[in-house]
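Asker: Mind looking over this structure? Questions follow.
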Amino acid sequence: MTPVSLDDPNGSRQNLYPPNINSNGQAGTSRSHSSRNDPNQTARSRTVTTKSAFDDDDVEANHAHNRDDTQYTAATNLPKGPTRDRPRSIIQRFKGEDRDTPLPGWRESFIATLTSSWLNYFLIFLPLSWLFHFLYSIHHKGSPNLTFIFSVLGIIPLEKLFDFLGEQLALYCGQSIGDLIVITLNNAVEATLAIILLTKCELRLLQSTIIGVVLIHLLLVPGFAFLTGGAKVWQQHLHEHPTQLNHVLLTFGVMSFLIPAAVFAALGTNSTGTTQAAASASNHGGEGASEATTVATEAAHRLLKRAVPDLSFVPAVSDETRGVFLQISRGLAIMLLIVYIGSRIYLHNPPGDGNAFTVPAAAPQREKKEEQRTEQEAPKVNPWACIVFLVVTVGIMAATAEWLVKSLEYVVKGKSITEEWFGLVLLPMVSFAGDGLVGVVYFVETLLQMSPPPPQEIAKGRSIDLSIQFTLFWAPFFVLIAWWTHKPMSLLFDLFEVAVIIGSCFLVNYVTQDAKTNWAEGLVLVTYYVMIALVAFFYPGQQTHRHLLACGTSVAESVATGGESFTGAAH
């Protein structure tokens with residue numbers, strides 16, 4: 001499911017933008033003067049298009065009716081290609097040796113990268129962010145608040161550079177690998193922030209950020225794109241391939257977060273009920289009360305030892321419980337990674353000889369046109385410059401994200417900002433700020449009847465794929481990294497977070513199930529995200545999860561000291 005990659009009825013990629021508006025003010029693709037004045041020619045054109053579509057269906061139907069098992073395999077697989085020449089062909093394509101035009105030089109590549117978006121003007125905030133950080137760290141001058149603001153503003157153009165360089169690199173790798181590269185690079189900012197939070201052991205804030213990243217890519221990005229892109233269009237057609245697989249992957253990833261939360265809720269209910277029964281019996285005094293207390297306690301131990309070994313304290317919040325959930329989370333993380341890797345293999349190397357990194361023969365015609373466009377489009381940056389620029393951009397972004405995280409304590413100090421809202425809304429919003437600014441400018445120009453050209457910076461149609469990758473790859477990857485670094489990071493998320501992410505998943509599935517959408521449905525997605533942000537602003541979060549995620553201390557000590565907030569201050 002790629003619910004924001006749009007194709008018009010004629011098969012051309014729209015990238016969430018309204019189509020060209022003709023001289024009569026009607027939406028549609030441009031048509032030659034002779035076609036408008038010749039209804040017979042228009043009719044013939046429609047007939048050819050319709051016949052071509054039905055011919056494809058007829059051929060497939062005939063194959064399905066007449067083939068035996070051997071013929072079925074041959075019909076459903078791609079035609080066999082030169083398997084031995086495949087690696088050499090990929091290398092040649094990456095080097096640009098198969099292109100008719102010469103590749104851009106280093107100077108042309110640098111200029112094209114620097115002028116790829118007007119958001120690159122925001123790069124001026126990067127040295128300011130670094131300056132205020134070092135002034136405060138070394139000389140205790142300047143303001144951490146300014147460091148935070150300039151860091152956020154400086155990361156915005158870096159996010160767009162990742163997008164642009166990924167698109168350019170995709171021209172050398174093909175549509176299949178190119179999509180995976182762009183998706184991974186688009187998650188680079190969020191992944192870097194998450195890794196920094198993990199190294200600083202801000203595990204509760206890390207969990208909220210993971211859920212916030214998934215929510216923003218499920219609701220705000222596609223919703224904002226539907227809302228702005230459908231301003232002058234009756235409905236927009238979504239990219240249908242591979243819709244069904246992505247529906248399954250998204251639901252599977254989101255529901256995997258429900259399992260640990262359900263187990264924790266069940267343990268807490270059993271523990272609370274048994275403890276209350278024991279306390280009630282002890283209040284009656286006497287020998288009968290003492291015996292009842294002993295029986296209740298032993299019953300609780302027998303019941304809960306099945307799930308929590310060596311139970312000696314409150315089952316829902318104890319070191320034993322934390323150990324069990326860490327084991328559960330690490331097992332789930334490995335299985336999630338296996339599913340994600342398997343799905344990528346299926347998508348990029350489907351069954352059959354010579355099918356790797358190619359568009360399937362049975363793919364819609366619009367996908368084949370997109371692959372042809374990728375092969376024919378002249379790149380603006382040479383491949384080696386793309387790699388070098390990406391490495392430099394990653395380094396700058398990692399350092400800037402480090403300054404941003406370090407300034408958090410001073411930003412929230414004395415302010416009534418909950419950890420839940422900070423992780424769910426504010427930090428994930430850093431990556432969306434660039435697309436949001438471009439979308440707002442485009443929407444305002446549209447309302448003012450300025451007829452702006454469709455900007456390339458609006459969502460690229462991969463937001464749901466970003467959510468899938470963050471759910472099935474990055475979240476379990478963080479759990480395994482925490483295991484390696486001896487940090488108690490688990491997949492036991494706050495119940496509120498689990499509830500809103502499951503609700504968001506089903507809402508997106510309902511909106512995109514018919515492969516069509518409009519601005520009203522985009523408004524629904526954006527409004528639901530605003531609802532979550534509003535509630536999260538007042539939601540304090542589950543204190544029990546903070547104790548289970550405490551670093552460098554036992555759960556009992558964390559309970560005794562009241563735990564610590566994401567700023568490092570005791571509650």
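Every number here is computed from the coordinates shown, using simple stated rules; none is lab data. Since the structure is predicted, the reported quantities are computational estimates derived from the model, not experimental observations. Using ideal geometry, Cβ is built from the backbone for each residue, glycine included, and neighbour counts are taken over all protein chains shown.
Asker: Using the C-alpha atoms of segment 115-158, what convex hull volume per residue, in cubic angstrom, is computed?
Answerer: Normalising the Cα hull of segment 115-158 by residue number yields 50 Å³.
Asker: How many percent of the alpha carbon pairs in segment 461-562 exceed a separation of 19 Å?
Answerer: Every Cα pair in segment 461-562 considered, those over 19 Å come to 59 percent.
Asker: Positive end of the charge dipole of segment 111-222 (Lys, Arg +1 and Asp, Glu -1 on Cβ, about the Cα centre): tell me which of LEU135, SER116, LEU165 has its Cα farthest that way.
Answerer: LEU135
Asker: Oh, and also: Given points 7 Å out from each Cα along the Cα-Cβ axis, report the ASN145 to MET255 separation in nanometres with one decimal.
Answerer: Here the modelled spin labels are 4.8 nm apart.
Asker: Listed highest first by mean packing, meaning other Cβ atoms within 10 Å per residue, what order do 210-218, 532-540 come in?
Answerer: Packing proxy ranking, top to bottom: 210-218, 532-540.
Asker: Another question about this same structure. Which shape class applies to segment 169-227: rounded if a/c is under 1.5, otherwise prolate when a/b exceeds b/c and oblate if not, where a ≥ b ≥ c are the square roots of the Cα gyration tensor eigenvalues?
Answerer: Note, shape of segment 169-227 comes out oblate.
Asker: Over all directions, what mean area does the Cα convex hull of segment 135-237 project, stated in square nanometres?
Answerer: So the mean shadow area of the Cα hull is 9.8 nm².
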